[in-house]
Every structure is written in structure tokens, then in C-alpha cells.
Amino acid sequence: MVVELRNKILVAGGAVAVAVGAYLPWLRINPNLPPDAEVPTINYTGMGAGFEGFDFVLLGAVGLVLLLHSSSFWTPIRIVTGVGVAVFPVYYLSYSTLFRFSATFVPALGWYLTVLGGTLLSHGGGRQLPSLIHRLKATATLRE
């Protein structure tokens, strides 16, 4: 009972973190830049608040996880989705030389929340994997 509640909290917390992280900006101007640094006057996807571009894919993946949460058969899908949601922001950050931890644009709060949410989603799905394997072994034993 406690394990089920813990899994639900992990998945719900991950879903909320991804939804809020997708809404908040992913990029901001590096506050450690020197005052005379040249900053491009361009608005990249992820610099403004609100849902835009790739956010709908992330929200769709989280919605899929929430819909399939009650079925233990879909546990591997939840793990893959959580890992994908956590890895996508890292890929996004490595896409350009302007987006790095010490570059012109650095990750903002939305980026960190999305990575955290994906990690929580994959962890919530991973916690159910041993029980799924145990059930599959028990089913195989009954068939023999």
C-alpha cells in the first residue's frame, strides 16, 4: 500500500514538474557575462514563458504516462518516456554553442524542472519493474 502511494506521488510529482518546467523559460542570458559582452538580440525557442514548440511533445508524453499509469504492463513505456523527457533538455542544451552552462545563454528554471520531472517519471516507472518481472516469472511457472 505504501509502495503504491509512493509510486503515485513520484509519477504525479514528475508530471507536475514537467508541466511547470515546460511552461517556464528554459534559457536565460548568462548573469556572469561581462558588461561589454555581445549578446545576440534573437529570441530562441525556450527563452519565453508559455507553451511553444517542443513543449507539446513533452506534455503529450507525460499525458500518455498518466493515462497508462494504472496498468503495470506499460511500465517499460513509462521508463522510456521518463528517460526521454529527462534526456531531451540535455540534447536541447547541446544543440548550439550559444546554449551551455558557461555560454551566452544558460539553463533557466524550466530546464531544471523538466529534467527533474523526467527523472521522477522514470524512477516511478522503474520502481514497478521488479514486481512486473516477478509476475512474469510467476505466470511462466504456472504455465509449466
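Extension gain residue 95-residue 47, at 0.36 nm per residue separation less the Cα-Cα distance, in nm? Intermediate values should be presented prior to the final figure.
On the way: separation 48, 0.36 × 48 = 17.28 nm, distance 1.45 nm.
Value of the extension gain: 15.8 nm.
Would you grab the residues whose amide H sits under 5 Å from the one on residue 28? Only those 5+ places off in sequence or on another chain, please, with H modelled 1.01 Å from N.
When sequence neighbours closer than 5 places are left aside, the close amide H contacts are 106, 108.
Treat the count of other C-beta atoms within 10 Å as a stand-in for reagent exposure and order 66, 27, 93 from fewest to most. Write down the numbers at each step before the final one.
Numbers: 66 15, 27 24, 93 20.
Fewest-to-most Cβ neighbours within 10 Å comes out as 66, 93, 27.
Per residue of the stretch 52-58, what does 6.51 cos²θ - 1.76 cosθ + 1.60 with θ = phi - 60° give for ³J(HN,Hα)? Whole Hz please, x for Gly and Pro, Karplus curve as stated.
8, x, 6, 4, 5, 5, 4
Based on other C-beta atoms within 10 Å, arrange 44, 92 from fewest to most. Could the numbers behind the result be given before it?
Values: 44 16, 92 19.
Placing the least packed residue first, the sequence is 44, 92.
Please report 6, 78 as a ranked list, fewest other C-beta atoms within 10 angstrom at the top and most at the bottom.
On the way: 6 12, 78 27.
If I rank by nearby Cβ atoms, fewest first, I get 6, 78.
Rule-based calculations on the coordinates, nothing more; no lab input. This structure is a prediction, so every number in the text was calculated from the model and none was measured. Cβ coordinates were reconstructed from backbone atoms using ideal geometry, including for glycine residues, and neighbour counts include every protein chain displayed.
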